[in-house]
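Structure first, commentary second.
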Amino acid sequence: MPLGTVFKNVFDMFRERSDVRFPKHSGSNSSIFDELKSSPANPVGNPANELFCKDLTKAGALLEKSAQEVVSGCDITFSCVSDPDALKELVFGKNGVLKGISNGKGFVDMSTVDVTTTRHIYDAVTSAGGNFLHAPVCGNKQLASEGQLVILASGDRSLYDDCFTCFEAMSKKWFFLGEIGNGTKMALIMSIIQANMLGALAESLVLADKSGLDQDHVIQVLRHTTANCELLSSKGNGKRNNQSY
């Protein structure tokens, strides 16, 4: 999901209760803006960037020049980027997160990345005296805008407890799953379950078509059986409207 959209939605939900800081685009932390390029706000490398930042600062956010400055000025910092390389650059790059970490600082990353990367960052942050929590999410753009994500956290338990109000604003349910990396494992398991469910739905609709049954009838019947769920219902509606999976 586009980070720009998620950030604006989340910011609207808890700006009244949190000190929000946002890193200004610069070469040292450009990776955090990789996902923003696909946002409707299109804030990177063009005049829309100024408008995007002005809207946030007008609403109460503080604009900083780098990830280091954001972390230095906040007790707890949240991040969400596109992939492991972007996260490593954000944390270990020049003027990155690690440069701003000191005793008692909390860093929460919500990116979907591999266990090895997560553990590497956990070791680096804790060695610098900080606390680290990895908290990937289950959900999509619409659920993010509605504050209905599911958060799968692992790492520092005390930091997890400190994030209660932020998690409350962003999600409908949040879990602490123990040692670092367990959140990633759980997210993978959830993805496998969802993929299998969608695969079964797709195969069933093809079978219905080959058997001479109306696919719309299959979806209508499904809604009234124990196999029905929000995922299959929404994808079934998408199929009826000629949308792709």
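Every read-out reported here was derived from the displayed coordinates using simple, explicitly stated rules and does not represent laboratory data. Just so it is clear, the model here is predicted, and its values are computed rather than measured. Glycine also receives a Cβ, built like all others from the backbone with ideal geometry; neighbour counts cover every protein chain displayed.
What to note about this one:
- Label point distance in nm, Lys141-Ser191, each placed 7 Å from Cα along Cα→Cβ: 1.9
- As a proxy for reagent exposure, ranking Ile180, Ile151 by other Cβ atoms within 10 Å from fewest up yields Ile180, Ile151.
- Here the convex hull built on the C-alpha positions of the stretch 60-189 has a volume of 104 cubic angstrom per residue.
- Going from the residue with the fewest nearby Cβ atoms within 10 Å to the one with the most, Ile101, Ile193 rank Ile193, Ile101.
- Length available on full extension from Asp114 to Glu179: 0.36 nm per residue minus the Cα-Cα distance, which gives 22.0 nm.
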